[in-house]
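Peer 1: A single structure is presented below for examination.
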Amino acid sequence: MATLAKPNLPRFDVEIFQNEYLADGAHEVNAIVTVTATGGGTTGGRPLTVADAGTPGADASAAVVILVDCSGSMDYPKTKINGAREATAAAIDSLRDGTAFAVVAGTHEARDIYPGDGTLAIASPTTRGHAKESLRRLTAAGGTAMGTWLAKADQLFLTRRDIAIRHAILLTDGNNEHESAEDLARTVERVSGHFTADCRGVGTDWRIDELRKISSALLGTTDIVAEPSGLAEDFRSMMAGAMGKQVADVALRIWTPANATVKFVKQVAPAVEDLTGRRTDSGPRAGDYPTGSWGDESRDYHVCVEVPAASVGNEMLAARISLVLPPQIAGGTPEVLSQGLVKAVWTDDLSSSTRISPQVAHYTGQAELASSIQEGLEAHRAGDVDRATAKLGAAVRIAHATGNDGTYKLLQKVVDVVDAKEGTVRFRKNVSEADSMTLETRSTKTVRVKKK
């Protein structure tokens, strides 16, 4: 393990967990890459901005755009639009002085209601007060076209190209009914990489897959707030996370030797997110995978590399994994922040070659847990109770075995657990839509490997 650091940046450490021993002729190498950033976020100084690399611009630390659904359905019941106003006010109060920000009312179009002139305001006691006064203009009327909201956020962020950390919060209570799925997908693809976004659905009339596609592409989170009364605290939590970020656009760079290829790259903690299709080439036999913005935090990634099969006694470097700061932040050329190596050694020692890394085994189970929940609930909606019961039974077994208590408790609201160890369950009667959606929305959340 090697670590580099520089002023204004968190310290990044990379640890590799794997069983490097392969059986004669084997060709698949699996490793868990733990990336830990310390000394940034809440313990470091202000976030690093593009201006630090020499680009002219005022020294705003971060930019946040709050996108609030103001479609007609937000008035039924009225507690939704009232809760949205209170939550937005709570988010505004949580802004650090110097943060650039805006509030957008989203319907079948998008209106920036504060500051309202197509730019971003700079947070101060005065602007926070004016912004909260403007929230009376968050009124419910119109349709829902989330692509226009995201496009508006992009326009606002582009007025401050000097700010590297850009984050949006998107709140909705319904489906994206007033633009096509293709239009939304095109907008998401166009703004991807420009900013990150957390999505929240209030109530139960919104689509999980719709918001998850947005948050996944924009390296954020999706969650449910079943009751409007919970919005303010959730917005405070999201804003605290955004204010804790210290550096943006860090890439996970994977180099492989000749004839070796990356099979997949997945973030596996704190949540499962497949990054395989997000690769961009960064040089001969190297590719970058986006990780978004970082503060004080730790994340785990599962990397699988296919190498040429070799005979006993051979060994090779299967991959070199680096955390890389982009040139626009690093000052013109990419900077390696930390690095780790994935190795392969072929052996005829059966006990060595068949031993599975505890970390790899754990996160393989966490990925299976997420897919079992999603497939089980989908089967239940389709009326296939047998398949649904089998899948959610498997989910209960994995959650119990891996100590994922949060997911286990959510499962218990949907199924009666007869035998957790064996995964024997029965569907509960009269399961609420909120409990079902909460389980599906949070199915990708994982727990770390237990330390012995």
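Peer 1: So which lysines can K343 reach, going by Cα to Cα under 23 Å and dropping same-chain residues fewer than 8 places off?
Peer 2: K263, K266
Peer 1: From zero up to wherever the largest Cα-Cα distance of the chain sits, split into 10 Å bins and tell me the percent of pairs in each.
Peer 2: 4, 19, 27, 26, 16, 5, 1, 0
Peer 1: Could you tell me the calculated FRET efficiency between R355 and T204, based on Cβ-Cβ distance and R0 = 56 angstrom, to the nearest 0.05? Don't jump to the answer; show the numbers that get you there.
Peer 2: On the way: r = 46 Å, r/R0 = 0.81.
It comes to 0.80.
Peer 1: Next up: Output the direction-averaged projected area (hull surface divided by four) of the convex hull of the alpha-carbon atoms of region 263-366, in nm².
Peer 2: Working: hull surface 33.0 nm².
Reported value for the Cα convex hull: 8.2 nm².
Peer 1: Calculate what fraction, in whole %, of the accessible area of the chain sits on carbon and sulfur atoms when a 1.4 Å probe is rolled over the protein chains. Walk me through the intermediate numbers first.
Peer 2: Details: 9540 of 19380 Å².
C and S fraction of accessible area: 49 percent.
Peer 1: If each residue of separation counts as 0.36 nm, what is the full-extension length gain between V312 and R381 once their alpha-carbon separation is subtracted? Mind showing how you got there, number by number?
Peer 2: Numbers: separation 69, 0.36 × 69 = 24.84 nm, distance 5.05 nm.
Working it through step by step, the gained length comes to 19.8 nm.
Peer 1: Could I ask something else about it? With no solvent and one point per C-alpha, what does the Debye sum give as log10 I(q)/I(0) for region 207-251 at q = 0.17, 0.18, 0.31, 0.33 Å⁻¹?
Peer 2: -0.63, -0.69, -1.10, -1.11
Peer 1: From the phi of every residue in region 352-365, what ³J(HN,Hα) in whole Hz does the Karplus formula 6.51 cos²θ - 1.76 cosθ + 1.60 yield, where θ is phi - 60° and glycine or proline is x?
Peer 2: Once θ is set to phi - 60°, the couplings for region 352-365 become 6, 6, 9, 6, 9, 4, x, 5, 5, 4, 4, 6, 4, x Hz.
Peer 1: I've got another one for you. Return a whole-number percent for the relative contact order of the chain, with Cα pairs under 8 Å and 6 or more residues apart as the contact set. Intermediate values should be presented prior to the final figure.
Peer 2: Details: 1050 pairs, mean separation 88.3, N = 452.
With pairs under 8 Å counted, the relative contact order is 20 percent.
Peer 1: Express the relative contact order of region 76-140 as a whole percentage, based on alpha carbon pairs under 8 Å and six or more residues apart in sequence. Write down the numbers at each step before the final one.
Peer 2: Working: 64 pairs, mean separation 23.5, N = 65.
Over region 76-140, the number comes to 36 percent.
Peer 1: What is the sum of charges around V345, taking Lys and Arg as +1, Asp and Glu as -1, for the other residues whose C-beta is under 9 Å from the C-beta of V345?
Peer 2: Numbers: positive: K343; negative: E20, E315.
Local charge sum for V345: -1.
Peer 1: Restricting to Cα pairs below 8 Å that are 6+ residues apart, what does the relative contact order work out to for region 385-442? Please round to a whole percent. Walk me through the numbers on the way to the answer.
Peer 2: Numbers: 58 pairs, mean separation 19.3, N = 58.
Answer for region 385-442 is 33 percent.
Peer 1: Tell me the net charge near T354. Cut-off is 13 Å between Cβ atoms, T354 excluded, with +1 for each Lys or Arg and -1 for each Asp or Glu. Mind showing how you got there, number by number?
Peer 2: Details: positive: R355; negative: D24, D348, D349.
Its environment carries a net charge of -2.
Peer 1: Moving on to the next point. What share of all Cα pairs of region 403-451, in percent, falls into each consecutive 10 Å distance bin?
Peer 2: It works out to 25, 50, 23, 2, in whole percents.
Peer 1: Something else about it: Stretched out fully, how many nm does the piece from D24 to R137 gain, at 0.36 nm a residue minus the Cα gap?
Peer 2: On the way: separation 113, 0.36 × 113 = 40.68 nm, distance 6.85 nm.
Value of the extension gain: 33.8 nm.
Peer 1: Which value in deg cm²/dmol, rounded to the nearest 500, describes the helix-derived mean residue ellipticity at 222 nm for the chain, given -39,500 (n - 2.57) per DSSP H run of n ≥ 4 and division by the residue count? Could you put the intermediate results ahead of the total?
Peer 2: Values: 12 runs with 139 residues, N = 452.
About -9500 deg cm²/dmol.
Peer 1: Apply the Karplus curve 6.51 cos²θ - 1.76 cosθ + 1.60, θ = phi - 60°, to the phi angles in region 339-349 and return the couplings in whole Hz, x for Gly and Pro.
Peer 2: Running phi through 6.51 cos²θ - 1.76 cosθ + 1.60 with θ = phi - 60° gives 7, x, 10, 10, 10, 9, 10, 8, 9, 9, 7 Hz.
Peer 1: Let me check I've understood the local charge: for D93, count other residues with C-beta under 10 angstrom from its C-beta, Lys and Arg +1, Asp and Glu -1. What total comes out? Write out the running numbers ahead of the final one.
Peer 2: Numbers: positive: R128, K132, R236; negative: none.
Spelling it out: positives minus negatives among the neighbours equals +3.
The values are calculated or read from the model by the stated rules, or taken from the named source; none is laboratory data. Nothing here was measured: the structure is a model prediction, and the numbers come from that model. Every residue, glycine as well, gets a Cβ built from its backbone with ideal geometry; the counts of neighbours run over all protein chains shown. Note: accessible area is taken over every heavy atom of the protein model, side chains too, but ligands, DNA and RNA are not part of it. Shrake-Rupley method; radii C 1.70, N 1.55, O 1.52, S 1.80 Å.
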